[in-house]
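Here's the structure, in structure tokens; my notes come after.
The values are calculated or read from the model by the stated rules, or taken from the named source; none is laboratory data. As the structure is a prediction and not an experimental result, all values here were calculated from the model. Here the Cβ positions follow ideal geometry from the backbone for every residue, glycine too, while neighbour counts run over all protein chains shown. Keep in mind that these areas ignore ligands, DNA and RNA; they rest on the heavy atoms of the full protein, side chains included. Shrake-Rupley method; radii C 1.70, N 1.55, O 1.52, S 1.80 Å.
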Amino acid sequence: MNGFFVIDKPAGVTSHDIVSKVRRAINQKKVGHTGTLDPFATGVLPVAVGEGTKAIQFLDESEKEYRAVLRLGVATDTQDLTGAVISEREWSHITPADLEQLVPQFLGLQKQLPPMFSAIKQGGVPLYKLARKGIEVEREAREVEIHALTFEWIRLPEACFTVRCSRGTYVRTLACDIGEALGCGAHLLELRRTRSGLFREADAISIETLAGAADQQELLMPLDRALGHLKALSLTEAGGKKVLNGVVPQSHDFVDPPGAFSQGEQVRLYLGERFAAVAEYDKLKGLRLARVFN
């Protein structure tokens with residue numbers, strides 16, 4: 001099997017655990033995930049199998065969407081319900097309108113300080129390993145972008161919000177920052193990813209569904225569908241044979257003239273119905289084969 005399973009990750013397991021479960025469910029060794037989810041989080045976890053593992057680098061996961069529940073008045077060291085409480089402050093003076101009025105402040109480009117409990121490495125060591133030893137180090141704020149932020153319901157001290165954001169955004173930190181802006185602190189009670197690039201909640205399946213499926217292939221998202229954001233170009237039979245042998249195609253190897261490419265543009269190459277390769281254009285070196293798929 002070659003492609004992607006969109007797994008609905010349950011709470012309480014790591015993304016690596018899911019890879020192991022998929023590997024056992026389909027009896028296939030070549031399995032990997034993209035877009036790590038915290039153990040307490042649920043939702044969309046794309047899992048690549050077979051040739052899909054070679055396609056991870058070409059995915060467009062620049063935009064993600066989450067649904068989360070925060071609790072005001074309590075801050076934790078992990079910024080979620082799994083951590084130790086580090087402060088408790090009064091929240092009863094806060095109204096739903098106060099939360100709604102904050103939304104514009106958190107839209108657009110933001111500087112976000114990565115949490116200590118994260119997989120970001122410093123000096124080759126993941127921050128969470130240092131945090132577990134009680135060590136806190138200086139971190140550099142990163143630029144993220146919040147495209148949309150809406151509150152689904154507000155039942156103080158809890159509130160549910162949906163956020164559409166750039167890759168690399170920590171929703172835990174967003175909740176914490178909202179709490180600090182209100183002056184009472186906050187942490188996440190729930191976090192669910194509903195979309196990661198082209199992978200959506202509607203396509204997600206449980207590990208149990210995958211393991212019990214009579215035809216697991218039917219649940220697999222094909223490689224080229226996962227890379228549907230890339231322009232598709234058809235090769236002649238001779239051009240396709242070249243590409244499958246690792247030879248860069250020339251203009252006469254395409255069924256239709258490919259036209260001009262932009263710097264760094266990636267395209268899908270097909271031989272008939274067969275998805276053969278991803279090519280990338282460099283203005284100095286021309287078109288090159290980034291990956292050929294078996």
Of the options Thr236, Gly43, Pro157, report the single residue whose Cα projects farthest towards the positive end of the charge dipole of the chain (beta-carbon charges: Lys, Arg +1; Asp, Glu -1). Thr236
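At most 13 other Cβ atoms within 10 Å plus a DSSP loop assignment makes a site exposed; report the longest stretch of the chain without any exposed GluC sites (Glu not before Pro).
Details: sites that count: Glu90, Glu136, Glu138, Glu140, Glu273.
Excluding the exposed sites themselves, the longest stretch runs over 141-272.
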Say a site is exposed when it is one of the trypsin sites (Lys or Arg not before Pro), sits in a DSSP loop, and has at most 10 other Cβ atoms within 10 Å; what is then the longest site-free stretch of the chain? 134-282
So with the 1.4 Å probe, I'd like the accessible area per residue for the chain, rounded to whole Å². 49
What is the distance in Å between the Cα centres of region 223-294 and region 21-35? 28
Which net charge results for the neighbourhood of Ala55, defined as the other residues with beta-carbon distances under 13 angstrom from its beta-carbon, given Lys and Arg at +1 and Asp and Glu at -1? +1
Roughly speaking, to the nearest percent, how much of the chain's 1.4 Å accessible area is carbon and sulfur? 48
To the nearest 20 Debye, how big is the dipole of region 120-238 about its Cα centre, given +1 on the beta carbon of each Lys and Arg and -1 on that of each Asp and Glu? 360
Can you compute the helix-only [θ] at 222 nm over the chain? Use -39500 (n - 2.57) per DSSP H run of at least 4 residues, normalise by all residues, nearest 500 deg cm²/dmol. -5000 deg cm²/dmol
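Below 8 Å, C-alpha to C-alpha, sequence gap of six or more: please give me the relative contact order for the chain in percent.
Details: 609 pairs, mean separation 64.7, N = 294.
For the chain, the relative contact order is 22 percent.
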According to the square roots a ≥ b ≥ c of the eigenvalues of the Cα gyration tensor, what is the shape class of region 20-173, taking rounded for a/c under 1.5, prolate for a/b larger than b/c otherwise, and oblate for the remainder? prolate
What is the Cα centroid distance between region 159-219 and region 84-118, reported in whole angstrom? 18
The lysines whose Cα lies under 30 Å from the Cα of Lys54, excluding any fewer than 8 residues away in the same chain, are Lys9, Lys21, Lys29, Lys30, Lys64, Lys121, Lys129, Lys231, Lys241, Lys242, Lys283, Lys285
